[in-house]
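Enquirer: So that we are looking at the same thing, I have put the structure below in structure tokens.
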Amino acid sequence: MRALVLSAPGRLVWEEVPDPEVAPHGALVRPLAVARCDLDAPMAALGLFPGPFPVGHELVAEVVEVGGDVALRPGSRVSVPFQVSCGDCGPCRAGRTVACGTYRAPAGAAYGFGARGGGHGGAVADLLAVPHADHALVVAPPGLSDVALATLPDNAVDAWRTVGPQLRERPGAEVLVLAGAVPSIGLYAVALARALGSRRVRYVDRDEQRCAVAAGLGAEVTRLDGDWPRRYDRAEVVVDGTADAAGVACAVRSTEDGGLLTVVGIVFGEASLPLLEMYTRGITVHLSRADSRRNLPEVLALAASGAFDPLAVPTTTAPFEDAAEVWLEPATKLVLSR
């Protein structure tokens, strides 16, 4: 079969690779649409993980073959969590599929990250092998397009976990999104916060186009010019997507006493945090990878209800066959569609 392979930093090529095998508990799926995660472009352009390896991990797919122990039937359209998990280990049974004990890898077991993700193949391919299919695969709602569904398993889930549980705990709470390094996640967070009833959403970014989109989604927008300030007016719920040590510190200081801050931007290297201030003001700071399998059903249901439209965030579509040419092209959200 064919797969799109990152052969060197900034170089993507179609290659013939061995067909994946289906495990007794697994399934083979045919990707119908694959979205580019906010990390995919810099990961490919800069060679953050050593290649070569097949790329892509946000997808909706059709089941084409299942193992003997699988109840799910071929022909099902499914949303595929980007992380690999078994559903049966201690962490999975406790609902922490992001920390599956069966599948471990330096960057967390996932598709499209090569050896750093456990070597599970990539989504921009003719076929993808999914272990523990009955646990992992989520049947897709019928009313959503392939393009919309492809955006959900990673970046929309990542945005949901920054505002969904928080607004359930604190209905109507004000939300502040500091954006920049994760273009689609910050905008999804705005859309989700509005859908979930935040009384006020503020958005900060350097990018003029994204600021205009955020305003159209209902946020009060501040265009950042220069370095991140010490802080903004505080909010109960804060989303940090800056991937910048100064941005994280700004996010901490912009979180209300007893507030909730979720950091989704990856900071490579050291970061200095105002720990005494965090302690005295009782701020909760959460850093982790998104828990795709755990949270995906709720995001799918919210999109299927019409309350959240992922395509309200600018989405560029391209033919699957053009993947090698467009994977590194600028776009807030890129989706390859068959």
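Enquirer: Could you list which residues have their amide H under 5 Å from that of residue 123, counting only those 5 or more apart in sequence or on another chain, with H placed in the peptide plane?
Expert: Under 5 Å from the amide H of residue 123: 56, 57, 112.
Enquirer: Given that just one value was derived from the coordinates, which of (1) -0.31, -1.33; (2) -0.31, -1.20; (3) -0.27, -1.26 is log10 I(q)/I(0) by the Debye sum over Cα atoms at q = 0.07, 0.15 Å⁻¹?
Expert: Given (1) -0.31, -1.33; (2) -0.31, -1.20; (3) -0.27, -1.26, the calculated one carries the label (3).
Enquirer: I need the peptides 136-146, 268-278 ranked by packing, meaning the mean over residues of other C-beta atoms within 10 angstrom, with the highest value on top.
Expert: 136-146, 268-278
Enquirer: Now a separate question. Less than 15 Å from a label point 7 Å out along the Cα-to-Cβ axis of residue 231: which backbone N atoms in the range 258-288 qualify, by residue?
Expert: Counting only backbone N, you get 258-261, 273-285.
Enquirer: Looking at the chain, send over the antiparallel percent of its DSSP beta bridges, to the nearest 5.
Expert: Working: 30 of 55 bridges.
Of the beta bridges lying entirely in the chain, close to 55 percent run antiparallel.
Enquirer: Using helices alone, I'd like the mean residue ellipticity at 222 nm for the chain: each DSSP H run of four-plus residues gives -39500 (n - 2.57), total over residue count, nearest 500.
Expert: -7000 deg cm²/dmol
Enquirer: PRE reach from residue 88 (point 7 Å along Cα→Cβ): which of the range 135-170 fall under 19 Å by backbone N?
Expert: Within reach of a label on residue 88, which here means backbone N under 19 Å from a point 7 Å along Cα→Cβ, the range 135-170 contributes 135-138.
Enquirer: Still on this structure, please answer the following. Amide H of residue 140: which non-local residues (sequence gap of 5 or more, or other chain) have their own amide H closer than 5 Å, using H built in the peptide plane?
Expert: 77, 78, 79
Enquirer: Just grab the label-to-label distance for residue 281 and residue 325, each label 7 Å out from Cα along the Cβ direction, in nm (one decimal).
Expert: 5.0
Enquirer: Please state the relative contact order of the range 242-302 as a whole percent: Cα pairs under 8 Å, 6+ residues apart?
Expert: Details: 62 pairs, mean separation 22.8, N = 61.
Once divided by the residue count of the range 242-302, the mean separation gives 37 percent.
Enquirer: I've got another one for you. How much length, in nm to one decimal, is gained on full extension between residue 45 and residue 69, taken as 0.36 nm per residue of separation minus their Cα-Cα distance?
Expert: Roughly 4.6 nm would be gained on extension.
Enquirer: R0 = 25 Å: FRET efficiency of residue 15 with residue 104, Cβ-based, nearest 0.05?
Expert: 0.40
Enquirer: List the residue ranges in the chain for DSSP H helices whose C-alpha atoms run 15 angstrom or more along the long axis and whose Kyte-Doolittle average is 0.0 or above.
Expert: Membrane-span-like by this criterion, though nothing is claimed about a membrane: 183-195, 292-305.
Enquirer: Something else: What distance in nm separates the simple spin-label points at residue 305 and residue 257, each placed 7 Å from Cα in the Cβ direction?
Expert: About 3.3 nm, to one decimal.
Enquirer: Can I ask one more? Express the relative contact order of the range 158-287 as a whole percentage, based on alpha carbon pairs under 8 Å and six or more residues apart in sequence.
Expert: Averaging sequence separation for qualifying contacts and normalising by length gives 23 percent for the range 158-287.
Enquirer: Within the set of other residues whose C-beta is less than 10 Å from the C-beta of residue 25, count the net charge using Lys and Arg as +1 and Asp and Glu as -1.
Expert: -3
Enquirer: Can you give the three extents of the C-alpha atoms in the range 13-119 along their principal axes, from longest to shortest, in whole Å?
Expert: 41, 32, 23
Enquirer: Right, something else. Grab the Cα-Cα distance for residue 139 and residue 2, subtract it from 0.36 nm times how many residues apart they are, and report the gain in nm with one decimal.
Expert: 46.8 nm
Rule-based calculations on the coordinates, nothing more; no lab input. None of these values were measured; they are calculated from a predicted model. Every residue, glycine among them, receives a Cβ derived from its backbone with ideal geometry; neighbour counts consider all protein chains shown.
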